[in-house]
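**Student:** Below is a structure I'd like to ask you about.
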Amino acid sequence: MKRQIALLRDASGGAKTSNALPFDIFNRPECSLQVVVTGTANYTVQQTLDDIFDPAITPTWFDHPDTNLVAATTNKQGNYAYIPAAVRLRLNSGTGSATLTAIQAGIYG
């Protein structure tokens, strides 16, 4: 399995977004997500089906369909039964931090 991590800190000056964490769209679709909050933070997990590696494309990001991962303020776990091209973390507000960990089944490295 491949573990990818995105960390964001201190959005008191405005919202921040992490780098995109790509999934292998040709591999197994099961993906696990976990967000851990330290301090005070409001976050949203977002995904896209757009090709994040194509410089001619500006990805359109959508909030996770599980509303527990939208505007959340506590530690949460979620998943995808389907596979998006990529996931990212948006720190909406707060002075704390949030860390997104994403794991896709079948990916080793």
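**Student:** Any chance you could count how many residues in region 50-68 are surrounded by 14 or more Cβ atoms within 10 Å (Cβ to Cβ) and among the hydrophobic types (A, V, I, L, M, F, W, C)?
**Tutor:** 2
**Student:** Next up: For the structure I just gave you, tell me whether Ile25 is part of a strand (DSSP E or B), surrounded by fewer than 16 Cβ atoms within 10 Å (Cβ to Cβ) and modelled with pLDDT under 95.
**Tutor:** no
**Student:** While we're looking at this one, here's another question. So, of the residues in region 5-22 that are aliphatic (A, V, I, L, M) and surrounded by fewer than 16 Cβ atoms within 10 Å (Cβ to Cβ), which turns out to be nearest to Ser97 (Cα to Cα)?
**Tutor:** That would be Leu7.
**Student:** Which one is surrounded by the most Cβ atoms within 10 Å (Cβ to Cβ) among residues in region 28-48 that are part of a strand (DSSP E or B) and polar (S, T, N, Q)?
**Tutor:** Filtering region 28-48 for residues that are part of a strand (DSSP E or B) and polar (S, T, N, Q), the one surrounded by the most Cβ atoms within 10 Å (Cβ to Cβ) comes out as Gln47.
**Student:** Pick from region 1-22 the residues that are among the hydrophobic types (A, V, I, L, M, F, W, C) and assigned to a loop (DSSP other than H, G, I, E, B): which of them is modelled with the lowest pLDDT?
**Tutor:** Met1
**Student:** Determine which single condition Pro59 fails, assuming it passes every other condition in (1) outside any loop (DSSP other than H, G, I, E, B); (2) within 15 Å of Ser18 (Cα to Cα).
**Tutor:** (1)
**Student:** State which residue is surrounded by the fewest Cβ atoms within 10 Å (Cβ to Cβ) when the search covers only region 75-90 and only residues that are in a strand (DSSP E or B) and not polar (S, T, N, Q).
**Tutor:** Among those that are in a strand (DSSP E or B) and not polar (S, T, N, Q), it is Gly78.
The values are calculated or read from the model by the stated rules, or taken from the named source; none is laboratory data. The structure presented is a predicted model; accordingly, all values stated were derived computationally and were not measured. Using ideal geometry, Cβ is built from the backbone for each residue, glycine included, and neighbour counts are taken over all protein chains shown.
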